[in-house]
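Enquirer: Please find one structure pasted underneath; my questions will follow.
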Amino acid sequence: MVESPCVAACRLNTNKVCVGCYRHISEIVDWNKRNDAENASILQKVALRKQTATEQKGPTSPITQAEWQAAKIAARLG
């Protein structure tokens, strides 16, 4: 099982990317339901985001229940 990169600092930037783990909200939802290959692919994207990340500018906000539910629905449909 691929371990989650979560660092319990869940705040989204304006692009809906967590400033703690660098995953997009769509990559966070249902992490435990994805297979290892899917999660490994996400971790590759995370690594690239970390490498190219500059100082986080702009507002951040906690993930809201509405955002979480919308992302879960999108994951089921996609």
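The values are calculated or read from the model by the stated rules, or taken from the named source; none is laboratory data. These numbers were taken from a predicted model, which means no experiment stands behind them. Note: ideal-geometry Cβ built from the backbone for every residue, glycine included; neighbour counts use all protein chains shown.
Enquirer: Just to verify a result, which residue in the stretch 44-60, among those that are modelled with pLDDT of 85 or more and not basic (Lys, Arg), is nearest to residue 11 (Cα to Cα)?
Expert: For the stretch 44-60, the residue satisfying everything is 46.
Enquirer: Applying the selection to the stretch 48-75, what residues are free of Cβ contacts under 8 Å to residues at least 24 places away in the same chain and surrounded by 10 or more Cβ atoms within 10 Å (Cβ to Cβ)?
Expert: 48, 64, 69, 70, 73
Enquirer: If you don't mind, there's one more thing I want to ask. Being of a type in the set (A, V, I, L, M, F, W, C), more than 15 Å from residue 71 (Cα to Cα) and not in a loop (DSSP other than H, G, I, E, B) is the filter here; which residues of the stretch 1-38 pass it?
Expert: Residue satisfying the conditions is 37 alone.
Enquirer: Tally up the residues in the stretch 61-78 that are in contact with a helix residue (DSSP H, G or I) (Cβ under 7 Å, 6 or more places away or on another chain), closer than 17 Å to residue 12 by Cα and in a helix (DSSP H, G or I), please.
Expert: Matching residues across the stretch 61-78 total 2.
Enquirer: So, in the stretch 18-43, of the ones that are touching a helix residue (DSSP H, G or I) at 6+ places or on another chain (Cβ under 7 Å) and of a type in the set (Val, Ile, Thr), which residue ends up modelled with the lowest pLDDT?
Expert: Among residues in the stretch 18-43 that are touching a helix residue (DSSP H, G or I) at 6+ places or on another chain (Cβ under 7 Å) and of a type in the set (Val, Ile, Thr), the one modelled with the lowest pLDDT is 29.
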